[in-house]
Amino acid sequence: MYGVVGIPVTSLASRAAAAGVRFIAFHNEQSAGYAASAHGYLTGRPGVLLTVSGPGCVHGLAGLSNAAINAWPMLMISGSCDQSDVGRGDFQELDQVEAVKPFSKFSAKATRASEIPRLVSECLAKTVSGRPGGCYLDIPSDVLRERIPNSEAEKLLSEISRNPSFLEEKVETLEIDRAVSLLRHAERPLVVVGKGAAFARAEDELKALISRTGIPFLPTPMGKGLLPDTHELSSTAARSLAIGKCDVALVVGARLNWLLHFGEPPKWSPDVKFILVDVSSEEIELRKPCVGLVGDAKKVLNLLNREIKDDPFCFGRSHPWVEALSKKAKDNVVKMEAQLAKDVVPFNFLTPMRIIRDAILDVGSPAPIVVSEGANTMDVGRAVLVQMEPRTRLDAGTWGTMGVGLGYCIAAAVASPGRLVVAVEGDSGFGFSAMEVETLVRYQLPVIVIVFNNGGVYGGDRRNPDEITGPYKDDPAPTSFVPGAAYHKLIEAFGGKGYVVGTPLELKSALSESFAARKPAVINVTIDPYAGAESGRLQHKN
């Protein structure tokens, strides 16, 4: 359980901890909510966010909405005002059940203590049924203070099913046949895998499918690592060719949204046939693919593998499509490595990212969980950082949420004990949740936060001369921060370790020392303020 305590939920947090629930106390509900949402993704079980009433609930909506858009299971619990005082202007009064509805699969208020076991059970079940998402439970302060006999409490708990069963939609055998037939007869097939497949723990089934058929694959950013980025059939480095020329695309656990250009021309071929695997029948109906397979990614891939095993086929390494993608990927990797090989000082984004990549790979297995946010920092990191294991990358995700960094780091450290957590953050992204470095130190979590400090959003003052006018022309640019900000000093104030680096040798030394110590640290990396640009793929939006 993650959250911020205060009236009326402080005792609830304390009693939860005493009952065996680990409570991680944050500085603000946004970061705690992001942690709860990421916890759901990393573990497959809903993370829980606890907030106070009114403003606390509103702040918590950041995490609840993030869970909803990313399809991660999460339960948000908020205290609220006394029921007898509703409408009278009570302390932090808000109709919270109504406020959370746009982002909640299910929301309810416990009007009596006796309702709490049933509602908690129902909320938890709904977070993971169908398409995962967030649920909300409101507990008024008078209910939190209510007393009931132990015997009644035990009876109520005994009536709640510990293992709720869900009605699963059965995948039609005919649809499996059609999907396999499309793949078998395709000239340029492609498998696209998203974080839905990662959530479903479908890596073994995916590996079997790719090994058996020889079909190239393309992961979305958080689908990276389901198969190693270094896999010979990975098309990440040939993305444009892969999606632009494929004639049949099996899309597993990914939506045809902005991240995949909506599955439409000109990025995709106008003649591409989509086989869409999704837990939501509504998603299938919305996208209208050639074949829609409704179900859990792991189970659907298993059915596809069974069908293929009975009548095997395989695109060999010499197949023209496989050769074309392999050649393009290798060419692009060679070009990228030539750029990465240069030690540029003052740092651009590529030089420190290469050093960070190599340090992470040197850790081996279990691989560190990488958390990344920021415009240039995240975009460059997606291209350079290598994921070798599933669920080891967390970034801004489907909703493009900035500010997730420290919350995700804390959830990763709590949910995956034994793994190092490495955050690669822009200075703007870091600023959203920077105070949570105190939380890292307080709980002594093995998190290394690397801040790419280029003095602002995209890199400081980017205005044209004709924009520097008007009565407030002497104010800093909207994109500017204080130059040379000493972010490393922030964690030192709480007893953590801070580093400031500006050369390859300094960065390598800081990474080596901090990775070995596995203690909370911030590495402040000085970047050339003119090295960045407005966020790559979305620049045309602005």
Only one of (1) assigned to a loop (DSSP other than H, G, I, E, B); (2) closer than 21 Å to Thr351 by Cα; (3) open to solvent by 90 Å² or more (accessible area, probe 1.4 Å) is not met by Ala485, so which one is it?
(3)
Matching residues, the range 437-489, being among the acidic types (Asp, Glu) and in contact with a Leu (Cβ under 9 Å, 6 or more places away or on another chain):
Glu438
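Yes/no matrix, rows are residues, columns are (1) closer than 29 Å to Val441 by Cα; (2) more than 22 Å from the chain's Cα centre (by Cα); (3) touching a residue at least 60 places away in the same chain (Cβ under 8 Å); (4) open to solvent by less than 10 Å² (accessible area, probe 1.4 Å):
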{"site": "Ala32", "(1), (2), (3), (4)": "yes, no, yes, yes"}
{"site": "His39", "(1), (2), (3), (4)": "yes, no, yes, no"}
{"site": "His59", "(1), (2), (3), (4)": "yes, no, no, no"}
{"site": "Leu75", "(1), (2), (3), (4)": "yes, no, yes, yes"}
{"site": "Glu93", "(1), (2), (3), (4)": "no, yes, no, no"}
Let me spell it out: the conditions are (1) modelled with pLDDT of 95 or more; (2) under 19 Å from Met1 (Cα atoms); (3) more than 24 Å from the chain's Cα centre (by Cα), and Arg162 meets all of them except one. Which number is the exception?
(1)
Is it the case that some residue within the range 323-335 is touching a Pro at 6+ places or on another chain (Cβ under 7 Å) and open to solvent by less than 10 Å² (accessible area, probe 1.4 Å)?
yes
The conditions are (1) part of a helix (DSSP H, G or I); (2) within 30 Å of Pro417 (Cβ to Cβ), and Val522 fails exactly one of them. Which is it?
(1)
Among the residues of the range 501-524, which ones are under 20 Å from Glu436 (Cβ atoms), in contact with an Asp or Glu (Cβ under 9 Å, 6 or more places away or on another chain) and β-branched (Val, Ile, Thr)?
Val522
Going by the conditions given, is Cys135 touching a helix residue (DSSP H, G or I) at 6+ places or on another chain (Cβ under 6 Å), modelled with pLDDT of 95 or more and among the hydrophobic types (A, V, I, L, M, F, W, C)?
yes
Among residues of the range 95-112 being open to solvent by 40 Å² or more (accessible area, probe 1.4 Å) and either among the basic types (Lys, Arg) or within 30 Å of Ala415 (Cα to Cα) (or both), the residue nearest to the chain's Cα centre (by Cα) is Phe103
Given (1) in contact with a Phe, Trp or Tyr (Cβ under 6 Å, 6 or more places away or on another chain); (2) over 20 Å from Ala67 (Cβ atoms), Gly407 misses just (2)
Looking for something surrounded by fewer than 21 Cβ atoms within 10 Å (Cβ to Cβ) and aliphatic (A, V, I, L, M) - is there at least one such residue anywhere in the range 249-260?
yes
Per the list (1) farther than 21 Å from Tyr41 by Cα; (2) modelled with pLDDT under 95; (3) not hydrophobic (A, V, I, L, M, F, W, C), residue check on Thr398 breaks on (1)
What's the total number of residues in the range 38-72 that are more than 19 Å from Val371 (Cβ to Cβ) and of a type outside the set (Gly, Ala, Ser)?
12
Being of a type outside the set (Gly, Ala, Ser) and part of a loop (DSSP other than H, G, I, E, B) is the filter; apply it to the range 41-57 and report the residue that is surrounded by the fewest Cβ atoms within 10 Å (Cβ to Cβ).
Arg45
Residue pairs qualifying under the 7 Å Cβ cut-off, at least six apart or on distinct chains, with the first in the range 253-281 being over 25 Å from Asp177 (Cα atoms) and the second being modelled with pLDDT under 95 and open to solvent by less than 20 Å² (accessible area, probe 1.4 Å), are Asn257/Thr398; Leu259/Thr398
Hey, which of the helices (runs of 4 or more DSSP H) in the range 113-203, taking only ones fully inside, have at least 3 residues that are more than 19 Å from Ile275 (Cβ to Cβ) and open to solvent by 30 Å² or more (accessible area, probe 1.4 Å)?
116-128, 141-145, 150-158
Output yes when any residue across the range 450-468 is of a type in the set (A, V, I, L, M), within 23 Å of Ala67 (Cα to Cα) and open to solvent by less than 10 Å² (accessible area, probe 1.4 Å), and no when none is.
no
Being touching a residue at least 40 places away in the same chain (Cβ under 8 Å), open to solvent by 10 Å² or more (accessible area, probe 1.4 Å) and farther than 30 Å from Leu64 by Cα: is that true of Arg382 here?
no
Among the residues of the range 410-435, which ones are more than 18 Å from the chain's Cα centre (by Cα) and open to solvent by less than 10 Å² (accessible area, probe 1.4 Å)?
Asp427
Would you call Gly397 small (Gly, Ala, Ser), assigned to a loop (DSSP other than H, G, I, E, B) and over 24 Å from Phe23 (Cα atoms)?
yes
List every residue pair whose Cβ atoms sit under 6 Å apart, with the two residues 6 or more apart in sequence or on different chains, where the first one lies in the range 234-252 and is over 13 Å from Glu323 (Cα atoms) and the second, anywhere, is assigned to a helix (DSSP H, G or I) and β-branched (Val, Ile, Thr).
Ala237/Val333
Applying the selection to the range 261-272, what residues are of a type outside the set (S, T, N, Q) and either out of contact with any Leu (no Cβ under 6 Å at 6 or more places or on another chain) or open to solvent by 100 Å² or more (accessible area, probe 1.4 Å) (or both)?
His261, Phe262, Glu264, Pro265, Pro266, Lys267, Trp268, Pro270, Asp271, Val272
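The values are calculated or read from the model by the stated rules, or taken from the named source; none is laboratory data. Computed from a predicted structure; not experimentally measured. For neighbour counting, all protein chains shown are included, and Cβ atoms are generated from backbone atoms with ideal geometry for every residue, glycine included. SASA here: full protein model, heavy atoms, side chains in, ligands and nucleic acids out. Shrake-Rupley method; radii C 1.70, N 1.55, O 1.52, S 1.80 Å.
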